[in-house]
Every structure is written in structure tokens, then in C-alpha cells.
Amino acid sequence: VRLYARPDAIRRGSGDYALHITKRLIEFYEDYFKVPYSLPKLDLLAVPKHPYAAMENWGLSIFVEQRILLDPSVSSISYLLDVTMVIVHEICHQWFGDLVTPVWWEDVWLKEGFAHYFEFVGTDYLYPGWNMEKQRFLTDVLHEVMLLDGLASSHPVSQEVLRATDIDRVFDWIAYKKGAALIRMLANFMGHSVFQRGLQDYLTIHKYGNAARNDLWNTLSEALKRNGKYVNIQEVMDQWTLQMGYPVITILGNTTMENRIVITQQHFIYDISAKTKALEPRNNSYLWQIPLTIVVGNRSHVSSEAIIWVSNKSEHHRIAYLDKGSWLLGNINQTGYFRVNYDLRNWRLLVDQLIRNHEVLSVSNRAGLIDDAFSLARAGYLPQNIPLEIIRYLSEEKDFLPWHAASRALYPLDKLLDRMENYNVFNEYILKQVATTYIKLGWPKNNFNGSLVQASYQHEELRREVIMLACSFGNKHCHQQASTLISDWISSNRNRIPLNVRDIVYCTGVSLLDDDVWEFIWMKFHSTTAISEKKILLEALTCSDDRNLLNRLLNLSLNSEVVLDQDAIDVIIHVARNPHGRDLAWKFFRDKWKILNTRYGEALFMNSKLISGVTEFLNTEGELKELKNFMKTYDGVAAVSFTRAVETVEANVRWKMLYQDELFQWLGKALRH
């Protein structure tokens, strides 16, 4: 195993980490798949410019520098995680993709879904206490892809490819993330050990050849059969891979007979009106075979898990132990690719359970409930106050994952409201939920003894999440702390800011302090050589409240001498996330579209990332009109991304019209009590 990079990176030891884990990962995969690595060597190549994060050529994987080089003295845990997962992903491809290759492009999602799923399994092997597959997968894959796949403009993971130009289209987040989520669902309902044996058989049968998804389904069905279970995996998985979107299951209790429930399924769509326009004829018939796991609980006790396969539009079931004071919970640990809604009585019981003793529910269940509630409310399936009532228990929450899920769910809501005049009511409510934990956890001490990985990952990530919420929603103490740290760095020219919160401190400092800080960060961006540090310095510059500085930065971003091509996109997107810069980034994007499209049109993810990043938080009638007019003048490859953008903005406008007042009324009441 060898690693090639620019001489100064090798001298600094920036490649050592990647080299070390690659060796361990080859051993992990050989043991897991029971198929040895197929070549005499594996080379890793770090390059300054590459259209993708990485590419798994057989025996010679290529990585863009910021996804493989790691400087332990200046890297945060999230950067370390990023690098680790890209390496785990590419090495998985040496088996899934290189040794066994999909027959045709429509099954790209198979190799990508597997490699993406194994990012979590492989990282768990390297860092056993981190619980990636059971926990972090939810916030980083499942919750994220369900946002995309809840649009009427989504598509199935398996897409027909008839022309060469169709190929680019099949590499998108649906293929990677939904692919991974479906594979995780499959592994969980089969049982991990049977699933593993099935994969071993599949790779042994098809090595040095091509295989299609049905070959995999048949091998997995066989593995189940040997275990005395009969499930036709192809029949189940075809519904999940050939239909777009996913279901929302609704579980309704029966008021007259205690242990009876009604379970219904329907296609979940964020913007119900988009559904009626685009989908009526073909999608009313969408049905899935859904492995619904259920538990029943009350204040002191939770039943063991039962599984119900739901395959009809509506079904009646009898549930043991279900009485007046008990609640139901479906999709245990969110292993399934669907959402679950309940009657209001059950939601109230769940909220009550969280507030009295949240630990009766597992960490993943708490995170799943939070995300489902915010998404169901966003789409109008649930009153707006339920998700905000759920997060009231957070002051007692000591685990990272539910905080992370809440933070990610609050983000789009925050962006819908951040230009409103009564925004401060929302702001105040969130700060109230964060205050206790922020005071309890405090700030990290600085540690330069390279103990990055030894530090308890969960604890450090929790502290980081809470500091981020406190600083971005304007906690006074958090603002003071960030300003002090930045001022100390400027006056002493020694950066003593703890690694894991540097990005938060830089961003907060730039937004609060004067132009001198901006100039100082700009200077540091130019002089630093550490790749991870460069990235967060550049992003911090987008946090300014000064529109002139934001415009200056946007204009500089297209100068390749100053900002790397792949980083310019991040600059534009981050300016769009800043309420002071949203309209500037949107205007800049339209003015410079020809240049941007020429530059990124060919690179698979970049164009769609840019289009969604600049438009996803536009939410006024005027902005929607601008978007539609702009689209008329451009057709071409980006058409799919623009359709998705229009649907997202329409949903934003509609949500504000229908639900914003209800939300503010409830918040006002909640703050008075």
C-alpha cells in the first residue's frame, strides 16, 4: 500500500493517517467479505484538483487533497471523520464496483449505496465506540436524503440509462444515500449475520464479473432460506428501488377497543399541491411492502419489538398491552426508510414520556422522533407546535445524536423565518432550550497533544453542537467567548482556539466584530498551508453582516488564483445561507450563471449542489417569480436541478402562507408561560 502526494504534504506527515487506516481497512474487508483483496498492490493518490471527492480505479484510488490529507495538529473531529469515511468508501469499491461490477448504469446505486453504507460499518471497525451505523447514519444519510426524496420531482434509485448523456444523471444523492438507506433497512430486517453471509456468497459467485441487482436479491433470498425464513427479497426491494419517494405510515388508535389499531400508508410529499399537479395519475397506486417494527410503552416499561409487514393501503391490527395510558412507537431505531405519524393522543403521550424520562426511548428513537415530527409538520401532516414541544425535553438530553437531529431539523425552519420581523420570538424559544446544556457543558480546553481521536467523540461533538446553536442563535456568553478568542489570536498572533470549535469561533467573530477581523481572516486564509484550516477560514468570511464585504468575496470567488474552483461553490452557498447575503448570492448566481455553468456543468455533483444551495431558502413570492423567469432563459443539463429548486421554493412560500402565523402564535404563548 503506497500513498502519493505533493512532496511538502508527505514531509509534513499529512498522508500518514490515510496510509495507516488503509492497511487496517483491507484487513477488515477481507475478513468481512471472506474474499481476499484481488491485486498485489493498492495505491492512493492525492491530487490538488479533481471533479469528484475521489475515484476508485482498481488498485489506484484518486482523492482530492482535502479528502485524504490530514494534519493532526490542526484538524477537527469532523474533518477527521470526513477523511476517514471517504477512504473507507473508496476501499469498499475495490470489492463492490471493481471486483464485482454492475452490469449496467441503472444499477450504479448498488455499488454506491453499498460503499456509502459501509462508510459507517467500516468507521465503526476503526472506532468501535462511535456507533456510526446505529446512530450517525440517521442524521447524515437518512434524514438528509428523505428531504430530497420527499419532493414530487424526485426519481427512483434505479433509473433507465439509454444514452451516454444519461450516465451523469444517475450519480446523485438519491443513488448514494437512498441506496445506502435501503441497504441498511435490508440488513436490519434480514439480521446482520445472515446479510453478511449473503454478501459473501454474492461476491464469491460473481467475482471478476458483472452482476445485476436481481443477482444480489436472489443470493440474499437464498441466505434467508437457509435460515428457515422465506422472504422474496426481489419482490420487496423492487417496490423500494423502482418507485420514487417513500411512504408515511399513520398509526391510529381505536377509541372503543383498546388493543386495536389502524395502519395506513401513503406517499409522503412535502408540498401536497405539487403532488396533485405532477403525480396524480401515476402515483395514487404507490404501495410499498413495509417492515414496520413496533413497541408499546408506558412510563416504566417498554414491550419487546414486534414486526408487522404492511403491504396494503390500510390494515387493522391487534397489538398486545395497548391500553389508555400506553404509547406506541413505530420504526424502531429508524431502521426503515419511511416516516411514522400517530394520532394526537399518541404524540402527546410521547412528548410527555420524553419530558418525564427520555431514556425509556433509545438514542436513535429520540433522534428519529425529532426528525419525523419536524418533517411531518413542515409538510402539513401535523400541527406546527408538536416538534417544538418535543424539543422541550432537550435540556435533559446528554447524548449527541438527538441534539444533532434537532439542530439539523431546526436549520431549514430557521432559514424560512430569519428575514421576518418577528423572528426574535423563534430565536428566543430556541435559546431557552439550549441555555441549560450550554452552561453545563462549557467550552473545550485547547489540546495540542494530538489526542484528537482519544477524546470522547460523542461528548466533544455534543459540546460542539450546543456551542454552535448558542452562538448562531445569539447567546450573549457564547458571543463574548468567541470574540475574546478571536481578539486574543489577533493580538498575540498565536491561535489558541480549540480545534473542534474553530469554525464556529471564526464565523461568530467575523459576524460580530469589525472589518479588521475580516481582513485578518482573509490574510490567514492566504498564508495557511493546512487544507482543513483553509476551508474553514474561507467559510468564515461568508459570515459577515457587511454586504460590501460579502459582495467583494463573491466577486473574488471566481478568481481561480485566489479560490480553488471546487471551493468557489461553497463560498456562494454559504453567502446564500447568511440572511444578509441571501439576495446577493442569488443575484450573483444569476449574473454569473454562464461562467458557473461552463465551469461546473460537467462535474456531477457540483452544479446541482450549487443550484440547490443558492435557491433552497428563497421563500417570497417575488423570489419564486425571479426563479421561474430565470429558468425560462436556460435549458440544458441543469433542468432537473432547477425543477427541484422551483418545487422547493414553492413549498417554502406555501408553508409560510399556511403555517407561519400558527407557529408564531404558539411561540408567543409558550414564551409567556
Between LEU39 and ASP238, what is the label-to-label distance in nm when each label sits 7 Å out along the Cα-to-Cβ direction? 3.7 nm
Roughly how compact is region 248-364, stated as its Cα Rg over 2.2 N^0.38 Å to two decimals? 1.14
What dipole magnitude, in Debye to the nearest 20, does region 400-672 give about its Cα centre under +1 on Lys/Arg Cβ and -1 on Asp/Glu Cβ? 400 debye
Ignoring any ligand, DNA or RNA, what whole percent of the accessible area of the chain comes from carbon and sulfur when the probe is 1.4 angstrom? 54 percent
Using a Förster distance of 41 Å, the FRET efficiency for TYR4-ARG590 (Cβ separation, nearest 0.05): 0.50
Given a 1.4 Å probe, the accessible area of the chain per residue, as a whole number of Å², is 41 Å²
Pseudo-spin-label distance ASN424 to ASN548, built 7 Å along Cα→Cβ, given in nm, is 2.7 nm
How large is the helix-only mean residue ellipticity at 222 nm for the chain, computed as the sum of -39500 (n - 2.57) over DSSP H runs with n ≥ 4, divided by its residue count, in deg cm²/dmol to the nearest 500? -18000 deg cm²/dmol
With the Cα gyration tensor of the chain giving a ≥ b ≥ c as the square roots of its eigenvalues, does the rule (a/c under 1.5 for rounded; else a/b larger than b/c for prolate; else oblate) give rounded, prolate or oblate? rounded
Report the FRET efficiency, 1/(1 + (r/R0)^6), for ASP16 and ILE355, where r is their Cβ-Cβ distance and R0 is 41 Å, rounded to 0.05. 0.30
In this model, which of LYS49/LYS594; LYS41/LYS207; LYS432/LYS535; LYS177/LYS535 are farther than 28 Å apart at the alpha-carbon? LYS432/LYS535
Square roots of 5 times each gyration tensor eigenvalue, C-alpha, region 2-242, largest first, Å: 29, 20, 18
Would you please state the base-10 log of I(q)/I(0) at q = 0.13 1/Å for region 400-672, with intensities from the Debye formula using one equal scatterer on every alpha carbon? -0.98
Just to be sure I understand: of the beta bridges DSSP finds with both ends in the chain, what percent are antiparallel, rounded to 5? 60 percent
What is the distance, in nm, between label points placed 7 Å from the Cα along the Cα-to-Cβ direction at TRP58 and at ASP166? 2.5 nm
Region 149-230 shape via C-alpha gyration tensor axes, a/c threshold 1.5: oblate
How large is ³J(HN,Hα), in whole Hz, for each residue of region 97-110 in order, when computed from phi with the Karplus curve 6.51 cos²θ - 1.76 cosθ + 1.60 and θ = phi - 60°, using x for Gly and Pro? x, 8, 5, 10, 10, x, 5, 9, 4, 5, 9, 3, 4, 5
In sequence order, calculated HN-Hα J values of region 335-342 (Karplus, 6.51, -1.76, 1.60; Hz; x Gly/Pro): 7, x, 8, 6, 9, 10, 10, 10
Out of THR620, GLN660, PRO402 - ranked by how far each Cα lies towards the positive end of the dipole of region 400-672, with unit charges on the beta-carbon of charged residues - the top one is PRO402
Could you work out the relative contact order of the chain, using alpha carbon pairs under 8 angstrom and six or more residues apart, expressed as a whole percent? 11 percent
Filter the trypsin sites (Lys or Arg not before Pro) in region 102-192 to those in DSSP coil with at most 10 other Cβ atoms within 10 Å of their Cβ, and list the result. ARG163
I need the shape label for region 329-454. Rule: rounded when a/c is under 1.5, else prolate if a/b > b/c, else oblate, with a, b, c from the alpha carbon gyration tensor. oblate
Excluding same-chain residues fewer than 8 positions from LYS313, which lysines have a Cα within less than 24 Å of its Cα? LYS178, LYS275, LYS277
For region 590-601, Karplus-derived ³J(HN,Hα) couplings (6.51, -1.76, 1.60; θ = phi - 60°; whole Hz; x for glycine and proline) come out as 5, 5, 9, 4, 4, 5, 4, 5, 5, 6, 10, x
Gain in length, GLU30 to LYS225, computed as 0.36 nm per residue apart minus the alpha-carbon separation, to one decimal in nm? 67.7 nm
With charges set only on the Cβ (+1 for Lys and Arg, -1 for Asp and Glu), what does the dipole of region 16-89 come to about its Cα centre, in debye to the nearest 20? 100 debye
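The values are calculated or read from the model by the stated rules, or taken from the named source; none is laboratory data. Note that this is a predicted model, so its numbers are computed, not measured. Positions of Cβ are generated from backbone atoms using ideal geometry, with glycine treated the same way; all protein chains shown enter the neighbour counts. Note: accessible area is taken over every heavy atom of the protein model, side chains too, but ligands, DNA and RNA are not part of it. Shrake-Rupley method; radii C 1.70, N 1.55, O 1.52, S 1.80 Å.
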